[in-house]
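The values are calculated or read from the model by the stated rules, or taken from the named source; none is laboratory data. Since the model is a prediction, treat every value here as computed from it, not as a measurement. Methodologically, a virtual Cβ is constructed for each residue, glycine included, from the backbone with ideal geometry; neighbour enumeration extends over all protein chains shown.
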Amino acid sequence: MLQASKRWGCRFLDAHDSMRLIKAMNEVGEGALIYVDDFLGTGNQFAKERDFVASTIVGTFSEFILAPCICEEAIYEIGKRGVEAFTGHVHSKAERPLHANSSLFKREEKLRLEMVCKGINKSGSLGYKGLATMVVLYRNAPNTVPACFRGSLNQKPFKGIFPRTTDLPSKLFGK
């Protein structure tokens, strides 16, 4: 891949390496900045990273974000910055059973599951910012997944079927 990138004139850079980024932009003058991520929930993390990069842009560059899955909320956040999103799937609020905007469950079913989630994690019962996403990646669960799937911190007392690595006991990682 990197060999082909040289042939095509592409450069793969870490957005935090501002010196190399500025140098590359000065050399080419125009082109495209393509941000790559595996999942975007609220879009807040991307917005913070992109705003940092935007302050260093030298020249004329179109901006795109490439991700397999992006939540509806992130599409709006990305759009505020004039960045075009390319995704295989937009994870809408309506398709998330525990999200307030979803009618996939009956009211009683949803309330019962929300109570279970609050019993596991009061402050993050439905995940970060209450997104209640139903996306689990091969290497980790986003922090936007409801507690009934993730489990509790250190997996005590409730073990989740899709815990985040940060939810697992630290002794698993030799800490």
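A quick yes/no check of all residues on (1) under 18 Å from C71 (Cα atoms); (2) touching a residue at least 12 places away in the same chain (Cβ under 8 Å):
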site	(1), (2)
K110	no, yes
L113	no, yes
N121	no, yes
K129	yes, yes
A132	yes, yes
P146	yes, yes
G151	no, yes
K159	no, no
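Of the residues P68, P97, only one is under 23 Å from Y138 (Cα atoms), touching a residue at least 12 places away in the same chain (Cβ under 8 Å), touching a helix residue (DSSP H, G or I) at 6+ places or on another chain (Cβ under 9 Å) and surrounded by fewer than 16 Cβ atoms within 10 Å (Cβ to Cβ); which?
Details: P68 fails: touching a helix residue (DSSP H, G or I) at 6+ places or on another chain (Cβ under 9 Å).
Every option except P97 fails the conditions.
Just to verify a result, which residue in the stretch 79-94, among those that are at pLDDT 95 or above and of a type in the set (A, V, I, L, M, F, W, C), is surrounded by the most Cβ atoms within 10 Å (Cβ to Cβ)?
Only one residue fits best here, namely V90.
For the stretch 111-151, how many residues meet the condition of being of a type in the set (S, T, Y) and either surrounded by fewer than 22 Cβ atoms within 10 Å (Cβ to Cβ) or part of a helix (DSSP H, G or I) (or both)?
4
Can you confirm whether F12 is loosely packed, with under 14 Cβ neighbours inside 10 Å, aromatic (F, W, Y) and over 17 Å from the mean Cα position of the chain (by Cα)? Spell out the reasoning first.
Values: loosely packed, with under 14 Cβ neighbours inside 10 Å: yes; aromatic (F, W, Y): yes; over 17 Å from the mean Cα position of the chain (by Cα): yes.
Spelling it out, F12 is indeed loosely packed, with under 14 Cβ neighbours inside 10 Å, aromatic (F, W, Y) and over 17 Å from the mean Cα position of the chain (by Cα).
Check A74 against each of (1) within 16 Å of K129 (Cα to Cα); (2) aliphatic (A, V, I, L, M); (3) exposed (fewer than 12 other Cβ atoms within 10 Å of the Cβ) and name the one condition it does not meet.
Here A74 meets the rest and fails (3).
Name the pairs whose Cβ atoms lie under 6 Å apart, with the first residue in the stretch 30-56 and under 21 Å from E73 (Cα atoms), the second of a type in the set (D, E, K, R) and in a helix (DSSP H, G or I), and 6 or more positions between them or separate chains?
T42/E73; T42/K129; G43/E77; A47/E77
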